[in-house]
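The values are calculated or read from the model by the stated rules, or taken from the named source; none is laboratory data. Quantities reported herein were computed from a predicted structural model and do not represent experimental measurements. For neighbour counting, all protein chains shown are included, and Cβ atoms are generated from backbone atoms with ideal geometry for every residue, glycine included.
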Ligand code: GYE
């Protein structure tokens with residue numbers, strides 16, 4: 001039977017759900033894997049995906065969300081580039097009766113009725129795991145342990161939370177000192193550039209903590225070009241777990257990677273179907289992740305999916 005005119009959110013033309021998805025950008029290997037996962041899962045689930053890339057700019061995401069609202073999509077999902085500044089546009093979606101799912105990154109709002117659920121990782125825990133690895137590795141070493149930190153995109157949930165979790169884990173022992181901390185915007189190019197500056201301004205760097213693998217990989221180039229050995233002269237801690245980082249671990253250049261899972265597509269489609277059907281969903285759905293020290297890298301490498 002021919003589908004009648006769409007009767008608004010939740011109906012779906014001809015039974016097909018339309019999902020408007022606003023992605024952060026294409027800044028990292030993690031992001032590329034995440035995009036692929038969402039696109040493949042939508043296809044598999046028979047969901048009509050309207051995909052929009054914000055190129056790491058909040059204004060582009062707000063525009064994309066407004067376009068989705070105008071198009072009367074059945075459900076909106078997005079990965080907010082930064083945490084704050086979403087209340088107005090989320091209110092517009094709510095007033096239009098379009099449910100919103102946060103994927104990967106959270107928003108900072110007091111009004112939790114503005115979205116149905118959050119699907120992603122516990123970034124504070126990731127930061128804590130990174131810090132715990134460090135305190136373990138240096139348990140019997142005298143200090144000081146001078147750390148430089150490459151932060152993710154300023155104002156983003158993973159940058160804020162990975163910083164906070166790490167700081168919390170090392171706080172108990174005064175020998176751990178963060179001597180420099182700056183954003184590398186989650187990219188290889190910026191990671192390299194900022195590491196070059198750190199190497200110039202800091203005489204004595206023991207450890208690099210990078211909020212993602214791409215920045216760590218860029219920084220590794222800078223370390224090598226400066227004549228030092230990454231993983232040995234400067235220990236490297238990273239987050240995500242992309243294949244390239246596992247390769248770098250097997251080469252001894254990264255010491256530990258805290259995993260962050262980008263393969264959220266299938267779970268997102270499940271949640272999208274449920275919220276469109278008006279079913280209850282849990283307010284937070286977290287993904288399972290591990291920690292991979294260097295000696296586990298070779299065994300894990302062949303089965304890495306991203
Ligand atoms: O760690 C980083 C990406 O939001 C968890 O964004 C994501 C982060 C991921 O650019 O590589």
>> Of the conditions (1) surrounded by fewer than 24 Cβ atoms within 10 Å (Cβ to Cβ); (2) over 18 Å from residue 60 (Cα atoms); (3) more than 16 Å from the ligand (Cβ to nearest atom); (4) in contact (Cβ under 8 Å) with a residue 12 or more places away in the chain, residue 110 satisfies every one except a single condition; which number is it?
In response: (4)
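For every residue, the table says whether it meets (1) touching a residue at least 40 places away in the same chain (Cβ under 8 Å); (2) within 23 Å of residue 33 (Cβ to Cβ); (3) buried (at least 21 other Cβ atoms within 10 Å of the Cβ).
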| residue | (1), (2), (3) |
| --- | --- |
| 44 | yes, yes, no |
| 58 | no, yes, no |
| 66 | no, no, no |
| 71 | yes, no, no |
| 75 | yes, yes, yes |
| 84 | yes, no, no |
| 87 | no, no, no |
| 91 | no, no, no |
| 97 | yes, no, no |
>> So the check is Cβ under 6 Å with 6+ separation or different chains; which pairs have a first residue in region 184-205 that's closer than 20 Å to residue 145 by Cβ and a second one that's assigned to a helix (DSSP H, G or I) and within 16 Å of the ligand (Cβ to nearest atom)?
In response: 195/219
>> Condition check: in contact (Cβ under 8 Å) with a residue 60 or more places away in the chain, under 20 Å from the mean Cα position of the chain (by Cα), within 13 Å of the ligand (Cβ to nearest atom) and not in a strand (DSSP E or B). Does residue 217 satisfy that?
In response: no
>> Among (1) closer than 18 Å to residue 126 by Cβ; (2) touching a strand residue (DSSP E or B) at 6+ places or on another chain (Cβ under 6 Å); (3) at pLDDT 95 or above; (4) buried (at least 16 other Cβ atoms within 10 Å of the Cβ), there is one condition residue 284 misses while meeting the rest; what is its number?
In response: (4)
> Looking at 189, 157, 169, which one is surrounded by fewer than 16 Cβ atoms within 10 Å (Cβ to Cβ) and touching a helix residue (DSSP H, G or I) at 6+ places or on another chain (Cβ under 7 Å)?
Replying inline: 189
> What is the residue count in region 231-252 for residues that are assigned to a helix (DSSP H, G or I) and within 16 Å of the ligand (Cβ to nearest atom)?
Replying inline: 5
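Kindly indicate which of 122, 104 is within 21 Å of the chain's Cα centre (by Cα), surrounded by 22 or more Cβ atoms within 10 Å (Cβ to Cβ) and in contact (Cβ under 8 Å) with a residue 60 or more places away in the chain. Spell out the reasoning first.
Numbers: 122 fails: surrounded by 22 or more Cβ atoms within 10 Å (Cβ to Cβ).
Exactly one residue qualifies, and that residue is 104.
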>> Show the residue pairs meeting these rules: Cβ distance below 6 Å; 6+ apart or different chains; first residue within region 155-170 and in contact (Cβ under 8 Å) with a residue 40 or more places away in the chain; second residue surrounded by fewer than 20 Cβ atoms within 10 Å (Cβ to Cβ) and in a helix (DSSP H, G or I).
In response: 164/124; 165/124; 169/132
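Quick check on region 20-39: of everything there that is farther than 16 Å from residue 273 by Cβ and more than 13 Å from the ligand (Cβ to nearest atom), which residue is surrounded by the most Cβ atoms within 10 Å (Cβ to Cβ)? I'd like the intermediate steps shown before the answer.
The first filter runs over region 20-39 and keeps only residues farther than 16 Å from residue 273 by Cβ, leaving 22-37, 39.
Still in the running and more than 13 Å from the ligand (Cβ to nearest atom): 22, 36, 39.
Values: 22: 24, 36: 14, 39: 15.
Within region 20-39, the match that is surrounded by the most Cβ atoms within 10 Å (Cβ to Cβ) is 22.
Given the criteria part of a loop (DSSP other than H, G, I, E, B) and out of contact with any helix residue (DSSP H, G or I) (no Cβ under 7 Å at 6 or more places or on another chain), does residue 228 qualify?
On the way: part of a loop (DSSP other than H, G, I, E, B): yes; out of contact with any helix residue (DSSP H, G or I) (no Cβ under 7 Å at 6 or more places or on another chain): yes.
Here the answer is yes, as residue 228 does meet what is asked.
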>> Restricting to region 253-281, name every residue that is buried (at least 20 other Cβ atoms within 10 Å of the Cβ), more than 16 Å from the ligand (Cβ to nearest atom) and in contact (Cβ under 8 Å) with a residue 40 or more places away in the chain.
In response: 255, 269, 271, 272, 275, 276
